[in-house]
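Structure record follows, encoded as structure tokens.
The values are calculated or read from the model by the stated rules, or taken from the named source; none is laboratory data. As the structure is a computational prediction, the values presented were derived from the model and not from experiment. Positions of Cβ are generated from backbone atoms using ideal geometry, with glycine treated the same way; all protein chains shown enter the neighbour counts. Remember, those area values only see protein heavy atoms, side chains included, never the ligands or the DNA or RNA. Shrake-Rupley method; radii C 1.70, N 1.55, O 1.52, S 1.80 Å.
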Amino acid sequence: MAAIFWLVAGILLAAAEMLTGDLTLLMIGIAALGTAGVSAAADTSLVVDAIVFAVITAVLMLGVRPILRRRYSLPPAVPTNVDALQGKSALVLEEVAAHSGRVKLGGEEWTARPMNPDEVYEPGVTVYVMRIDGATAVVWKGP
């Protein structure tokens, strides 16, 4: 009878893993399934079942789960295209004012405007890209 309890618990925990994706519930579910197998094969008492469950859980959580997390974890997202330009420094080529300006950014010339429309940046000044608005770099000189 205890084997059925462990079997149902294992299946429910493994199914619940789909909601978390952390591999914790899956490891506990596998431990419950392993305990169900031992309980059915040897007709063990509840105390022995609990010990078997604890040992299998410890082995899976400390040994298997870290290996699986390293293997299947996603690398951090690397910004590309215009997203990678935010925070980069640029050299002012032509005066950057509210309605005009050019900067050299990553080896390319970009139209630019200041983040604060009241500011004007002279040629030769280093500015920082705050965001890209269409094909225009919105820049700021910084503090």
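Numbers at a glance
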{"quantity": "Cα Rg, Dmax, region 30-82, angstrom units", "calculated": "18.3, 64"}
{"quantity": "Point-charge dipole on Cβ atoms (K/R +1, D/E -1) for the chain, about Cα centre, debye to 20", "calculated": "360"}
{"quantity": "Accessible-area composition of region 63-143, carbon plus sulfur, in percent [1.4 Å probe]", "calculated": "53"}
{"quantity": "The chain pair-distance distribution - Cα-Cα, 10 Å bins, rounded %", "calculated": "11, 26, 12, 7, 11, 14, 12, 7, 1"}
{"quantity": "Solvent-accessible area per residue for region 54-143 (1.4 angstrom probe, square angstrom)", "calculated": "68"}
{"quantity": "Cα principal axis extents for region 81-140, largest first, Å", "calculated": "27, 19, 16"}
{"quantity": "Residue with peak Gaussian network fluctuation, the chain [Cα springs, cutoff 10 Å], from Asp22, Asp49, Asp118", "calculated": "Asp118"}
{"quantity": "0 to 90° range, to nearest 10: angle between helix 46-59 axis and the chain longest Cα axis", "calculated": "30"}
